[in-house]
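Colleague: Once you've had a glance at the structure underneath, I'll fire off some questions.
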Amino acid sequence: MEKLIKDALKSVKADYVEIRVQEGVNTGITYVGKELENIGENNTFGGCVRASVRGGWGFVAFNDIANLSRYVEIACEQAQFVGKEKSLLAPVPVIHDFVKTKVEIDPADISLTDKQAICNGYNNIILSSKQIQTSNVRYLDSHGTVYFANTEGSFIVQETIFCGISLLAMARDGMNIQQAYHSVGDLRGFSNVQHMENRCQEVTKRAIDQLTAKPVIGGKYTVIVDPKLCGVFVHEAFGHLSEADFIYENKKMREIMTLGKRFGIDALSIVDDGSLVGEAGYNKYDNEGTPTQKTYLIKDGVLASRLHSRETAAKMQEKPTGNARAIGYGHAPIVRMTNTYMEPRDCAFQKMLSEVDTGIYAIGALGGQTNMEMFTFSAEEAYMIKNGKLQEQIRDVVLTGNVFETLMNIDAIGNDLAIHGGLGGCGKGGQSPLRVSDGGPHVRIRNVVVGGR
């Protein structure tokens with residue numbers, strides 16, 4: 001493979017060319033209600049060539065590697081048609097590396113029959129209650145190897161083993177339908193999905209409990225968000241705004257996202273770190289062969305950096321951060337997050353809670369949307385806070401606001417960092433799902449607009 005790829009890069013007519021070849025095996029199992037809706041394994045193989053000439057890009061995806069040299073020629077020809085300026089790529093080291101993945105239990109060593117039995121057992125637990133209308137149990141594992149080479153001389157092989165499962169319970173009482181959800185997924189192996197019987201019971205109970213929860217009364221509240229919701233907020237509301245391709249192409253956001261500008265209290269720091277081994281967004285190198293790293297987006301309350309590919313780093317005269325990622329060989333890499341989280345501080349949850357007279361404790365996220373700096377998130381579960389203590393459960397809690405105002409309204413950051421991966425992944429530019437993780441500690445925020453559905 002190495003000789004074939006390197007030979008194809010000889011005598012290219014372009015400023016820059018890179019080749020990615022990907023091979024792997026994927027396993028998927030899905031239960032919907034009592035039905036086994038999907039089960040199977042499939043092999044994948046393919047690759048792509050990306051070429052740059054005078055700032056223009058050519059891209060060719062393929063499944064037949066025998067004609068690799070011809071694909072390189074086609075990509076170069078495409079780039080020559082569109083290139084009109086100067087190819088700009090920030091310099092990165094020339095790297096030769098083979099990244100081998102180690103997990104305690106390799107999913108490849110577990111039979112498809114045993115994987116199905118585990119999923120069936122979890123599904124039966126969820127369906128055991130009469131109040132549960134339906135369920136969804138989805139299992140996924142993948143074992144992949146990516147070969148990368150470019151005309152600068154790098155040759156990198158990276159192996160990845162992903163494994164995860166999602167559990168959903170939907171409860172019904174007449175026209176009142178509520179659901180609860182849990183998902184795990186990262187690069188730690190098959191142990192991720194074992195021994196989750198208690199988790200299935202908890203998901204079932206949460207869905208049923210939501211049936212009797214009272215709808216929230218809309219208004220402005222002090223809100224404490226749990227680590228999961230904190231992570232979703234950091235990823236969706238702020239992380240995407242920190243992707244340099246978005247900033248570079250948007251004049252308004254370039255004015256707002258000025259390095260050195262204050263965005264919150266001194267205790268506030270937000271990080272993207274693709275080098276966290278085992279987390280869902282881990283890679284030693286991104287899809288341009290750039291080493292991943294820990295990047296402070298906000299450091300001590302001040303905007304410190306943003307996420308870059310080699311091209312955006314060159315255009316903005318900043319350093320590459322190792323955030324050029326693609327969901328597969330059929331796509332060119334674009335600027336994407338990896339493992340994005342808010343750093344913990346020293347405030348204990350009980351202290352944070354005790355200082356709230358009237359507020360809301362919001363747990364998890366069922367979904368949400370962002371539009372520039374505006375966001376809307378639906379909490380999966382929530383409780384009223386009165387006189388410093390958790391009180392009755394409430395539902396239909398929707399948090400809305402401006403991300404920059406919300407960051408400034410954070411007044412307490414917890415000491416209990418948790419980072420979560422899952423099966424959902426991240427979507428951007430028609431590429432979804434990309435494996436990522438996000439997280440943070442408990443966080444207290446003043447003056448949050450809360451509305452029911």
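The values are calculated or read from the model by the stated rules, or taken from the named source; none is laboratory data. Source: prediction; values computed, not measured. Backbone-built Cβ (ideal geometry, glycine too); neighbour counts: all protein chains shown. Ligands, DNA and RNA are stripped out before the accessible areas are found, and what is left, the full protein with its side chains, is counted by its heavy atoms. Shrake-Rupley method; radii C 1.70, N 1.55, O 1.52, S 1.80 Å.
Colleague: Put Thr222, Thr321 in order of accessible area, largest first, 1.4 Å probe: what do you get?
Modeller: Working: Thr222 40, Thr321 5 Å².
Per-residue accessible area, sorted high to low, gives Thr222, Thr321.
Colleague: Post the alpha-carbon centroid distance, the range 112-174 to the range 73-106, in whole angstrom.
Modeller: Cα centres, the range 112-174 to the range 73-106: 29 Å.
Colleague: What whole-number volume per residue, in cubic angstrom, does the convex hull of the C-alpha atoms of the range 322-453 give? Kindly include the intermediate steps, with their values, before the conclusion.
Modeller: Working: hull volume 16.2 nm³, N = 132.
Cα convex hull per residue, to the nearest whole number: 123 Å³.
Colleague: Compute the distance in nm between two label points, each set 7 Å from the Cα along the Cα-to-Cβ direction, one at Asn176 and one at Leu390.
Modeller: Simple spin-label model gives 2.0 nm for this pair.
Colleague: Restricting to the chain, what percent of DSSP beta bridges are antiparallel, rounded to 5? Mind showing how you got there, number by number?
Modeller: Working: 118 of 133 bridges.
Taking every DSSP beta bridge with both residues in the chain, the antiparallel ones total about 90 percent.
Colleague: In terms of modelled amide H atoms, which long-range or inter-chain residues lie less than 5 Å from the amide H of Gly56?
Modeller: Gly83, Lys84, Glu85
Colleague: Run the quick spin-label model on Ile256 and Ser354: label points 7 Å from Cα toward the beta carbon, then report their separation in nm to one decimal.
Modeller: 3.8
Colleague: Among rounded, prolate and oblate, which fits the range 1-147 when a ≥ b ≥ c are the square roots of the eigenvalues of its C-alpha gyration tensor, a/c under 1.5 means rounded, and a/b larger than b/c means prolate?
Modeller: Numbers: a/c = 3.16, a/b = 2.50, b/c = 1.27.
Prolate, since a/c reaches 1.5 and a/b exceeds b/c.
Colleague: Now for a separate question. Using 0.36 nm per residue, how much length does the chain from Val99 to Glu202 gain when fully extended, once their Cα-Cα distance is taken away? It would help to have the intermediate numbers written out before the result.
Modeller: Values: separation 103, 0.36 × 103 = 37.08 nm, distance 3.76 nm.
Gain on extension, Val99 to Glu202, equals 33.3 nm.
Colleague: Kindly report, to the nearest 10 Å², the accessible surface of Leu407 as traced by a 1.4 Å probe over protein heavy atoms only.
Modeller: 0
Colleague: Follow-up question, since we're still on this one. Which whole-number value in Å³ per residue fits the convex hull of the alpha carbons of the range 173-320? Spell out each step's value before the answer.
Modeller: Numbers: hull volume 27.6 nm³, N = 148.
Cα convex hull per residue, to the nearest whole number: 186 Å³.
Colleague: Here's another thing I want to ask about it. Only helical DSSP H runs with n ≥ 4 go in: add -39500 (n - 2.57) per run for the chain, normalise by residue count and round the 222 nm mean residue ellipticity to 500 deg cm²/dmol.
Modeller: Values: 10 runs with 89 residues, N = 453.
Calculated mean residue ellipticity at 222 nm is -5500 deg cm²/dmol.
Colleague: Still on this structure, please answer the following. At 0.36 nm per residue, and after removing the present C-alpha to C-alpha distance, how many nm does the segment from Gln369 to Ser111 gain when stretched out fully? Write out the running numbers ahead of the final one.
Modeller: Values: separation 258, 0.36 × 258 = 92.88 nm, distance 3.87 nm.
Computed gain between Gln369 and Ser111 is 89.0 nm.
Colleague: On to the next question. Taking the alpha-carbon centroid of each part, what is the distance from the range 215-290 to the range 3-64 in angstrom?
Modeller: 28
Colleague: Got a sec to turn the phi values of the range 275-286 into Karplus ³J(HN,Hα) couplings, 6.51 cos²θ - 1.76 cosθ + 1.60 with θ = phi - 60°, whole Hz, x for Gly and Pro?
Modeller: 9, 7, 4, x, 6, 4, x, 6, 8, 5, 9, 7
Colleague: Same structure again: GluC sites (Glu not before Pro) within the range 164-258: which are DSSP loop residues with at most 14 other Cβ atoms inside 10 Å?
Modeller: Working: sites: Glu197, Glu202, Glu236, Glu243, Glu249, Glu255; in loops: Glu249.
In loop regions of the range 164-258 (DSSP not H, G, I, E or B), the sparsely surrounded GluC sites (Glu not before Pro) are Glu249.
Colleague: Separate question: Span-like helices, the chain: DSSP H, alpha-carbon axial extent 18 Å or more, mean Kyte-Doolittle -1.0 or greater, which ones? All intermediate terms of the calculation are to be shown ahead of the outcome.
Modeller: Details: long enough: 68-82 (22 Å, 0.33); 112-127 (22 Å, 0.10); 197-212 (24 Å, -1.16).
Both cut-offs are met by 68-82, 112-127.
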